Amino acid sequence: MSDILFSSGLIEPRSTPVICDGVDEAKARMSAIIARQFGNRRGISVLEAGGGSLSRVDLDDDAVVTVIDISREQLERNTYAAHKILGDLHTEKLPARGYDLIICWDVLEHLDDPALVFANFLNAIKPGGLIVVAAPNPNSLSGMITKFTPHWFHVLVLRHLFKLTMAGQPGYPPFPTFMRYSMYPEQLRRVAISESGDATALIYYESSRRAALRRKSPFVGRLYDLTIAACRIASFGRIRLELSDYIFLVSPTGQR
């Protein structure tokens, strides 16, 4: 994986990605980085950007959490945030150096201009803070399928393949997905460098969706597996289409 990324100019060698065996290992690595970043500090200020109704990161009970989301329904179901903001990440004015930790989980793929939003995060993070971005990997098989299929197809898959009856209803996924080029990890890193930040870690992993697909539809799951296996064999193991998701962690490195 690293060789193909470097040779294609996707990332710099000093940001060598880590490949994890599933979401649990990936989140464990992420949590270790967060713990190392903040040590024993208590009461950190946290922004969950597009956080909606639930958090994907384990936070201390005394963390002061602000959630911003464009969905009123999602915010109404949120029970842990101290502050809730109904707003668009493209236009919402974030306080400069306002947060110790910014979390953006499975959101960038839904944004029309991820680079603009990510630059706003870099402006809103405190010195010594940390930005955690998690998103689908556009270079994976599932990422490419998502990018090049229409929204109605995403709704159809969730409703009829994964049996999520509320799929597509207001406040429920799937939400419109753009998968802009500026959400690719290598592009985020370039924005980070230009805005006085730097990559702390880049983690790739395969989500649990593939296993769920096998359970829900063995035939479709088998076709999916065969496609991934064929690409891996043809590339002598260098192309890993199964790595469906990434976590990118950034910390400010200088004064803005």
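Select from segment 199-232 the residues that are touching a residue at least 40 places away in the same chain (Cβ under 8 Å) and over 19 Å from residue 143 (Cβ atoms) and write down the one among them that is most open to solvent (accessible area, probe 1.4 Å).
Step by step, filter segment 199-232, then rank; the result is 216.
Here is a yes/no grid of residues against (1) among the charged types (D, E, K, R); (2) under 20 Å from the mean Cα position of the chain (by Cα):
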position	(1), (2)
207	no, yes
216	yes, no
224	no, no
251	no, yes
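Looking only at segment 27-37, decide whether some residue is touching an Asp or Glu at 6+ places or on another chain (Cβ under 8 Å), over 30 Å from residue 240 (Cα atoms) and either surrounded by fewer than 18 Cβ atoms within 10 Å (Cβ to Cβ) or modelled with pLDDT of 90 or more (or both).
No.
Go through segment 102-159 and count every residue that is open to solvent by 50 Å² or more (accessible area, probe 1.4 Å) and either within 17 Å of residue 55 (Cβ to Cβ) or aromatic (Phe, Trp, Tyr) (or both).
Final tally of qualifying residues: 3.
To keep it simple, each residue is scored yes or no on (1) closer than 19 Å to residue 118 by Cβ; (2) in contact (Cβ under 8 Å) with a residue 40 or more places away in the chain; (3) open to solvent by 90 Å² or more (accessible area, probe 1.4 Å).
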residue	(1), (2), (3)
41	no, yes, yes
44	no, yes, no
58	no, no, yes
69	yes, no, no
85	yes, no, no
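Looking for something within 21 Å of residue 54 (Cβ to Cβ), among the small types (Gly, Ala, Ser) and part of a helix (DSSP H, G or I) - is there at least one such residue anywhere in segment 212-220?
Yes, the conditions are met somewhere in segment 212-220.
Name the one entry in 101, 89 that is under 24 Å from residue 205 (Cβ atoms) and modelled with pLDDT of 95 or more.
Criteria check complete, one pass: 101.
Of the conditions (1) modelled with pLDDT of 75 or more; (2) of a type outside the set (D, E, K, R); (3) over 19 Å from residue 67 (Cα atoms); (4) open to solvent by 50 Å² or more (accessible area, probe 1.4 Å), residue 7 fails just one. Which one is it?
Failing condition for residue 7: (1).
Under the condition of being small (Gly, Ala, Ser), more than 18 Å from residue 69 (Cβ to Cβ) and more than 14 Å from the chain's Cα centre (by Cα), which residue from segment 168-198 is surrounded by the fewest Cβ atoms within 10 Å (Cβ to Cβ)?
Residue satisfying both the conditions and the ranking: 194.
The values are calculated or read from the model by the stated rules, or taken from the named source; none is laboratory data. None of these values were measured; they are calculated from a predicted model. Every residue, glycine among them, receives a Cβ derived from its backbone with ideal geometry; neighbour counts consider all protein chains shown. Calculation scope for accessible area: heavy atoms of the full protein, side chains included, ligands and nucleic acids excluded. Shrake-Rupley method; radii C 1.70, N 1.55, O 1.52, S 1.80 Å.
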